[in-house]
Structures are given as structure tokens and as C-alpha cells.
Amino acid sequence: MSANDQTLPRPTASYEADPDQVGRVLLLYSGGLDTSVMLKWIQERYGAEVVTLTVNLGQPGEDYSVVEGKARDLGARECHIVDAREEFARDFLTPAIKANAMYGDGYPLFTALGRPLIAKLAVDYARRSGCDTIAHGCTGKGNDQVRIEATIATLAPELKVIAPVRSWQMGREEEIEYARENGIPVKGGTEVAPYSIDDNLWGRSSEGRWIEDLDHAPEEDVFQLVTPPEKAPDEPQIVTVELEQGVPVALDGQRMGLVELLEAAAEIGQRHGVGIVDHIEDRIVGLKVRDIYETPAAAIILTAHKELERLVGTIHQNRFKLALDEQWAYLVYAGLWWEPLRGDLDAYMNAVNAQVTGTIGLKLYKGSVRVVTRSSPNAVYDASLASFAESGGLFSQSASPGFIELFSLQSRMAWRLRNG
Ligand code: ARG
């Protein structure tokens, strides 16, 4: 259907709203074009009241008073702006750090981690404001619709969902026309569609335009956060990250809260061109899509965490945890934050991370992050045992041949069977 059709979509899934039952809608509102058009369109087409919710997860440079003013101008009955940075860092980023969360070898999941919190807050505010329906601005091609709707359907079976952008299929031109007709401010020129951006404390993604063209190398204007490495300072910088039980607590010896620490790490990383990822992603909905990521904080913090964790873990713990980290990242990527397996995995992550205390030094230089120093009271490491120079101490080198004989026994027998 187009924006001007009178018919509204009938529900497919049990949690989708029947248009006749929509009375008061909680709209997840970013202040951008799509959700601004939605704010008007829902009032007009559903004859419904709209309450907006805007969640601050640490998007750099956002002016929330402007967002609120816009929502009120467009007829919102109530406007809620929630600063959820602390909760995001404590309940979502902390477990992600403990799980070294990374999807597809490069995406640290900042959007995937933000969506369940945004959807949970939508449920809280919908209930508090007497809404029967939650509206979001996701399209039908992404993972975000899965994350948001799975969360709402899990936490609030009594609430329904509408996703106008997914159902109206308005082209950008129609949308701009609708915006003009309805007094919705349209930023910038209309010739070039902007990148589709999502960002928070843990990173920023850009999609659309030339990014969809796989053999088009990144144009510089996409990097609004991280300095391109070739323009980064010629002097390297050493940064130390101190962790306690898997949680970063100090940067360069200065203790600070996690939100502040992540903001400070991002700032240092940005300067040195760290955390740029050009990524093709296997989406849950079947597509492969290219994203450009800027993840300066994650590049520093995950590198430090992973290194320290390996130092305090045994060979068996370290090998086992890789598989669990991978499973954790997949569940979160796929929008199943509330799946009990994630909690089960967290129990293991917490057990291992009880030992992850110490300090890692990293050298940042023109886009690279390299571990240069490590220290931990829990390191499974003894310098005198590992030493080339010392003859052994507790480590008996004369025991090694017996070990090798038994350790290689089955492999040797099998080789002989096959090769005579
Ligand atoms: N591709 C990433 C993901 O699926 C980032 C999505 C960004 N979302 C957005 N609405 N622009 O998690």
C-alpha cells in the first residue's frame, strides 16, 4: 500500500495490531524523517493518540530538546526522553564484554544490544501511559524488527505492534512529499538520500547509498566518528585498561564509571583511527548486507578483555569459551536476548570472569590496536617456568619425552595403520 491508501494492513502474526483496536500508540521516536512521518500518519490513519519515547543510549551529539520539541509540534500527547546509558552499560554491554561479543568476525553488536533495551523501555512506557500498541520504524529487511518485536511479544503479550514503514512501502520521494504537506521539517537536500545511521556508546553503523555497491571502496564522508587512519596522529599512544572481574574499571590509571570509561575509550580510539570495519553480514532474515562500522570503544575494550581473559584461563577454559562466545553473539544478533540459553551462558561467562582482573596496555597507532603489556594477580603464568634462560625450577624438562611418547601414542599408531 502507499501512504495515501485508506486500507490499513491486517495482522499476520498474533502480536500485530488489528487496525480497529488501535487507540493509543507508544511510538519509538528518533526524531528522524521516518518516525516523524509515522507520528503524523498514525494519528491520521488510525485516528489514534500517540505518545513518543526516545531512548538515549549514548548517541554522540544528539540534542534531545530538539527531538522533544519536534514530537510535540507533530501532535504527540506525551513525550518521554529516557537516559538509559547506565542501564545499557551495566546490563547489556557488561555481559557483552564478558562474552567478547562479536558477530561475523567484526561486528561488536552495538545495535543488537541496544534493541532489547529500547523495546523493554517501550513496554514499560506503553503500560505506564495507557497505550495498547507499540509502533517502531524498522523496515522489513533488517534484524531490528526481529529484536524489537520478539522482545515485545515476550515481555508483554497484551501489547500489539505496528510497523508502518514496513507496511506502507512509501518511497523516499513520497515520504518527503508527505512530510512537506504535513509541516514535517526535512533536513538537508532531498537529492541525495542520507546514510542510514544507528549509533550508541558501543559503536555506529552506516548503511545505504554506495555502501550497497560491494566493489565501491569507502568514501570518506561516511566516517563521522573515527578519523581515517591515514590522517591519525604520527605518534602512537599507549592506553592501559584495568579490569576487575571482567569489567573495565579504569583507563590510564584513572578509575571511572563504565559509561564515562566507554566514552573516554571511544574518544581516544577515534583520534587514532581505530575500530573501522567494512562488513558483509549474514542477516537473520536471509539477506547479506554490507555495513560500515565505527567501533572505537569496542576495539579497545574487547581487545583488552580478551587478552586478560586468556591470561587467567587455562588452555581448556580458553578453548571451550570460544564456542560459548560464538553462541552468545549469535543469540544476541538474532534478537533472542530473552532466550534462557543466554542466561545459562552468562552463568558460565560470570564464572570465568571472576578471575579476569588485571591491566592490559595497548598501543594505538594509525588504525591498529596492539597489546603491549599485561599484568594480573591471577595470570596462569610463571616467568621462571616459561623462561628460556632458567633451567626449570618446578618445570621438569626431563619429564617432557615421557609426555610426548604417551601424548602422541594414538596418532602414531593410526599413522602406521594407514601408511604401513
Ligand atoms: N546490521 C546491523 C545489525 O543488524 C546494524 C543495523 C543498524 N540498524 C539500523 N536501523 N540502521 O545489527
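The values are calculated or read from the model by the stated rules, or taken from the named source; none is laboratory data. Bear in mind the structure is a predicted one, so any value in this text is a computation, not a measurement. For neighbour counting, all protein chains shown are included, and Cβ atoms are generated from backbone atoms with ideal geometry for every residue, glycine included. To get the accessible areas, we keep the full protein, side chains included, count just its heavy atoms, and leave off ligands, DNA and RNA. Shrake-Rupley method; radii C 1.70, N 1.55, O 1.52, S 1.80 Å.
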### Query
Which residue pairs have Cβ atoms under 7 Å apart, sit 6 or more places apart or on different chains, and have a first residue in region 107-127 that is under 14 Å from residue 79 (Cα atoms) and a second that is part of a helix (DSSP H, G or I)?
122/152
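Is it true that residue 285 is outside any strand (DSSP E or B) and exposed (fewer than 14 other Cβ atoms within 10 Å of the Cβ)? Before the answer, list the steps.
Working: outside any strand (DSSP E or B): yes; exposed (fewer than 14 other Cβ atoms within 10 Å of the Cβ): yes.
So residue 285 fits the description; yes.
Looking at 292, 268, 300, 276 in this structure, which one is surrounded by 15 or more Cβ atoms within 10 Å (Cβ to Cβ), in contact with an Asp or Glu (Cβ under 8 Å, 6 or more places away or on another chain) and within 17 Å of residue 369 (Cα to Cα)? Don't jump to the end; show me each part of the working.
Details: 292 fails: within 17 Å of residue 369 (Cα to Cα); 268 fails: in contact with an Asp or Glu (Cβ under 8 Å, 6 or more places away or on another chain); 300 fails: in contact with an Asp or Glu (Cβ under 8 Å, 6 or more places away or on another chain).
When all the criteria are applied, what remains is 276.
Just to be sure, is residue 154 polar (S, T, N, Q), surrounded by fewer than 21 Cβ atoms within 10 Å (Cβ to Cβ) and within 16 Å of the ligand (Cβ to nearest atom)?
Values: polar (S, T, N, Q): yes; surrounded by fewer than 21 Cβ atoms within 10 Å (Cβ to Cβ): yes; within 16 Å of the ligand (Cβ to nearest atom): no.
For residue 154, the condition - polar (S, T, N, Q), surrounded by fewer than 21 Cβ atoms within 10 Å (Cβ to Cβ) and within 16 Å of the ligand (Cβ to nearest atom) - is not met.
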### Task
Run down 298, 265 and say which single residue is part of a helix (DSSP H, G or I), within 16 Å of the ligand (Cβ to nearest atom) and of a type in the set (A, V, I, L, M).
298
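Within region 247-258, can you find the residues that are within 21 Å of the chain's Cα centre (by Cα) and in a strand (DSSP E or B)?
Those that are within 21 Å of the chain's Cα centre (by Cα) and in a strand (DSSP E or B): 247, 248, 249.
Taking the condition within 13 Å of the ligand (Cβ to nearest atom), under 21 Å from residue 62 (Cβ atoms) and not in a helix (DSSP H, G or I), does residue 114 pass? Explain how you work it out, then say what you get.
On the way: within 13 Å of the ligand (Cβ to nearest atom): yes; under 21 Å from residue 62 (Cβ atoms): yes; not in a helix (DSSP H, G or I): no.
Criteria not met by residue 114.
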### Query
free of Cβ contacts under 8 Å to residues at least 40 places away in the same chain, more than 16 Å from the ligand (Cβ to nearest atom), over 21 Å from residue 83 (Cα atoms) and open to solvent by 30 Å² or more (accessible area, probe 1.4 Å): does that describe residue 255?
yes
### Meets criteria (touching a residue at least 24 places away in the same chain (Cβ under 8 Å), crowded, with 17+ Cβ neighbours inside 10 Å, more than 29 Å from residue 101 (Cα to Cα) and not β-branched (Val, Ile, Thr)) for residue 164
yes
### Summary
Listed by first then second residue, the pairs whose first member lies in region 352-363 and is within 15 Å of residue 302 (Cβ to Cβ), whose partner is among the small types (Gly, Ala, Ser) and assigned to a loop (DSSP other than H, G, I, E, B), with beta carbons under 6 Å and at least 6 positions apart or on separate chains, are 353/246; 356/246
### Task
Could you tell me which residue of region 112-147 is nearest to the chain's Cα centre (by Cα), considering only residues that are among the β-branched types (Val, Ile, Thr) and open to solvent by less than 10 Å² (accessible area, probe 1.4 Å)?
123
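Can you name the residue in region 98-111 that is under 25 Å from residue 280 (Cβ atoms) and away from the ligand (no atom under 13 Å from the Cβ) and, of all such residues, is least open to solvent (accessible area, probe 1.4 Å)? First the steps, then the outcome.
Filtering region 98-111 down to residues under 25 Å from residue 280 (Cβ atoms) leaves 99-111.
This time we only want the ones that are away from the ligand (no atom under 13 Å from the Cβ), so: 99-100, 105.
Numbers: 99: 0, 100: 16, 105: 150 Å².
Checked region 98-111; the qualifying residue least open to solvent (accessible area, probe 1.4 Å) is 99.
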### Selection from region 370-395 of residues that are exposed (fewer than 10 other Cβ atoms within 10 Å of the Cβ) and out of contact with any strand residue (DSSP E or B) (no Cβ under 8 Å at 6 or more places or on another chain)
383, 386, 388, 389, 391, 394
### Task
Read through the list (1) under 19 Å from residue 148 (Cβ atoms); (2) in contact with a strand residue (DSSP E or B) (Cβ under 8 Å, 6 or more places away or on another chain), then give the number of the only condition that residue 127 fails.
(2)
### Task
Out of the residues in region 200-213 that are touching a strand residue (DSSP E or B) at 6+ places or on another chain (Cβ under 7 Å) and either of a type in the set (A, V, I, L, M, F, W, C) or under 16 Å from residue 58 (Cα atoms) (or both), state the one that is surrounded by the most Cβ atoms within 10 Å (Cβ to Cβ).
203
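Taking region 318-336 as the search range and keeping residues that are among the hydrophobic types (A, V, I, L, M, F, W, C) and out of contact with any Leu (no Cβ under 6 Å at 6 or more places or on another chain), which one is farthest from the ligand (Cβ to nearest atom)? Quick ask: steps written out before the conclusion?
Residues of region 318-336 that are among the hydrophobic types (A, V, I, L, M, F, W, C), as a first pass: 320, 322-324, 328-329, 331-332, 334, 336.
Then drop every residue that is not out of contact with any Leu (no Cβ under 6 Å at 6 or more places or on another chain), which leaves 320, 322-323, 329, 331, 334, 336.
Numbers: 320: 27, 322: 22, 323: 22, 329: 11, 331: 13, 334: 10, 336: 13 Å.
So the residue we want is 320.
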### Message
Among the residues in region 45-62, are any touching a Gly at 6+ places or on another chain (Cβ under 8 Å) and within 13 Å of the ligand (Cβ to nearest atom)?
### Response
yes
### Message
Given the options 235, 244, 181, 230, name the one that is within 30 Å of residue 377 (Cα to Cα) and more than 16 Å from the ligand (Cβ to nearest atom).
### Response
244
